[in-house]
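Working notes, beginning with the structure itself.
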Amino acid sequence: MILKPYSFVLDLKHFKVSKFFTPFKICFKIGLFALLLLLETNLFNITSLHSDKLPVDAIYILLGYIFNLTLLGAAAHFCFKFLQLRKKSGQKNQILNLNAKLSMIRMSLKAKIKTKSYRYRALFKTTVTSGDPVDIALNDLINLNLDTGEDFQRYFDLSKRINSLLIAERASESPESKKENQKDDSHIGKEDFMGTDFKNEISILRHIKEMVEISSHLNKRIEAYNQANVKNPIPQVNILTFHSLIEVNRVFRNETDENSKLIHAA
């Protein structure tokens with residue numbers, strides 16, 4: 001007798017069970033499908049193996065095969081679920097680690113910007129009093145949250161503004177004072193948003209660049225995770241895009257070019 005396992009198993013979709021037993025229904029289908037497929041391909045024959053048994057015994061043997069194969073299907077199903085859960089847990093841990101790394105870099109960046117603000121304050125010859133435009137700009141620089149692209153753009157705008165206030169103060173000095181303080185003309189770094197501490201400035205830019213790259217990578221990880229876990233999505237972090245990112249990339253590009261020249265010269 002030629003059996004039709006495909007159509008027979010597919011007909012089981014009309015068999016209604018609760019959602020709680022859905023995995024067991026799937027396993028039952030897998031086991032029954034495997035058994036009927038083996039029978040169809042003549043890998044074994046119940047009748048020939050047990051010709052001396054009564055029809056009722058043969059039915060019990062058949063049910064035994066179905067039960068064993070169902071258990072095998074259930075084991076395969078739960079192994080698959082375990083691996084799926086383990087993968088999900090691994091993805092979530094990676095997201096948490098990237099989030100923690102982003103927070104640590106942000107804290108370090110705030111500390112470096114705070115140091116820059118104090119150095120700026122010391123560069124002004126006149127006393128900076130509370131409420132002055134200089135004081136407001138320096139305090140705003142320290143209080144930046146650095147959570148969004150707007151915060152980072154604000155950092156560059158404030159740095160340029162403070163530098164312009166320094167230039168204005170130098171321009172208002174008398175010729176005699178300028179001559180005495182001519183060594184202080186280097187109060188602006190290589191770029192119009194930099195201060196005199198070039199090492200700290202490069203460290204700040206490196207942190208900003210790293211935060212931009214990590215946030216982009218983190219959002220890609222979160223997007224992949226949410227596609228596989230629609231019911232419990234993880235909110236994405238803010239996209240760190242801002243106009244002065246071009247200037248950041250230019251600084252590092254110039255730094256790379258200078259290093260290449262030194263290597264070739266050596």
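Observations
- Checked against the criteria, Asp157 counts as of a type in the set (Asp, Glu) and either open to solvent by 70 Å² or more (accessible area, probe 1.4 Å) or at pLDDT 85 or above (or both).
- Residues satisfying the stated conditions in segment 192-211, i.e. free of Cβ contacts under 8 Å to residues at least 60 places away in the same chain and part of a helix (DSSP H, G or I): Phe198, Lys199, Ile202, Leu205, Arg206, Lys209
- Check on Ala100, within 25 Å of His217 (Cα to Cα), within 18 Å of the chain's Cα centre (by Cα), small (Gly, Ala, Ser) and assigned to a helix (DSSP H, G or I): yes
- Of the set (1) at pLDDT 65 or above; (2) among the charged types (D, E, K, R); (3) farther than 30 Å from Leu240 by Cβ; (4) in a helix (DSSP H, G or I), all apply to Arg86 but (1).
- Restricting the first member to segment 217-229 and to residues that are over 14 Å from Ala100 (Cβ atoms), and the second to residues that are open to solvent by 50 Å² or more (accessible area, probe 1.4 Å) and of a type in the set (Val, Ile, Thr), the beta-carbon pairs closer than 7 Å and six or more apart or on different chains are Asn219/Ile239.
- Within segment 91-125, the residues that satisfy the criterion of being open to solvent by 60 Å² or more (accessible area, probe 1.4 Å) and of a type in the set (Lys, Arg) are Lys92, Lys101, Lys110, Lys114, Arg119, Arg121, Lys125.
The values are calculated or read from the model by the stated rules, or taken from the named source; none is laboratory data. Everything numeric in this text was worked out from a predicted model, so none of it was measured. A quick note on method: Cβ atoms are made from the backbone with ideal geometry, for glycine too, and the neighbour counts reach across all protein chains shown. Only protein heavy atoms, including side chains, enter the accessible area calculation; ligands, DNA and RNA are left aside. Shrake-Rupley method; radii C 1.70, N 1.55, O 1.52, S 1.80 Å.
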